[in-house]
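Notes follow the structure.
The values are calculated or read from the model by the stated rules, or taken from the named source; none is laboratory data. All values derive from a computational prediction rather than experimental measurement. Here the Cβ positions follow ideal geometry from the backbone for every residue, glycine too, while neighbour counts run over all protein chains shown.
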Amino acid sequence: MKTYVPKQGEITKKWVVVDAKDKPLGRIASGIAKILRGKTKPNFTPFLDCGDNVICINAEKVLLTGKKLDQKIYWRHSGYISGLTLRTARQVLQRNPERVIEKAVKGMLPKGTLGRKMLKNLKVCKGSQHRHSAQKPEQISI
């Protein structure tokens, strides 16, 4: 018996909406990563982008448990000497709440070109409105 591998034309992508309001960050991120990866579909293939497009709404209302708002550090480096920028989760949520969910999901996707391609299928919105209503996304709960 041969293993079935779907061809690029056979993969169907749909649009789904995930609401992050009052849900823990890790639970939301792992659920979104499963959908982006395609693990919820019967024709999952590890080396193909067979996942769906995900729209995550209410990013500013995501829940961080414990003392993570003040103790979790997001850092980035410009590449220059003393170019390190450190921010707490509270500061990142106030300034750019989409970045918290994007970074959490990015860490759960495969590293390399396939993971970067899958991350482009994630759209994170600050409020409850999104610009992708023309794609007729379906609401799912995680």
(message) Exactly one of these conditions fails for Lys123: (1) touching a helix residue (DSSP H, G or I) at 6+ places or on another chain (Cβ under 8 Å); (2) buried (at least 16 other Cβ atoms within 10 Å of the Cβ). Give me its number.
(response) (1)
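List the helices (runs of 4 or more DSSP H) that sit entirely inside the range 89-142 and contain at least 2 residues that are touching a Phe, Trp or Tyr at 6+ places or on another chain (Cβ under 9 Å) and at pLDDT 95 or above.
It comes to 89-95, 97-108.
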(request) Kindly indicate whether any position in the range 63-71 is within 23 Å of Gln129 (Cα to Cα), touching a Cys at 6+ places or on another chain (Cβ under 9 Å) and aliphatic (A, V, I, L, M). (result) no
(request) Please indicate, with yes or no, whether at least one residue in the range 75-82 is among the charged types (D, E, K, R) and crowded, with 17+ Cβ neighbours inside 10 Å. (result) no
(message) I'd like the residue in the range 47-63 that is farther than 18 Å from Ser141 by Cα and under 16 Å from the mean Cα position of the chain (by Cα) and, out of all such residues, is surrounded by the most Cβ atoms within 10 Å (Cβ to Cβ).
(response) Cys50
(message) Please go through the range 32-67 and give me each residue that is more than 17 Å from Glu10 (Cα to Cα), part of a loop (DSSP other than H, G, I, E, B) and not small (Gly, Ala, Ser), ordered by number.
(response) Asn58, Val62, Leu64, Thr65, Lys67
(message) Among the residues of the range 7-15, are any assigned to a loop (DSSP other than H, G, I, E, B), touching a Ser or Thr at 6+ places or on another chain (Cβ under 8 Å), without any contact (Cβ under 8 Å) to a residue 40 or more places away in the chain and surrounded by 13 or more Cβ atoms within 10 Å (Cβ to Cβ)?
(response) no
(message) What are the pairs with Cβ atoms under 8 angstrom where one residue, in the range 115-142, is touching a residue at least 60 places away in the same chain (Cβ under 8 Å) and the other, located anywhere, is in a loop (DSSP other than H, G, I, E, B) and acidic (Asp, Glu)? Sequence gap at least six, or different chains.
(response) Lys117/Asp49; Met118/Asp49; Asn121/Asp49; Asn121/Asp52
(request) Please indicate, with yes or no, whether at least one residue in the range 82-96 is under 25 Å from His132 (Cβ atoms), out of contact with any Lys or Arg (no Cβ under 6 Å at 6 or more places or on another chain) and among the basic types (Lys, Arg). (result) yes
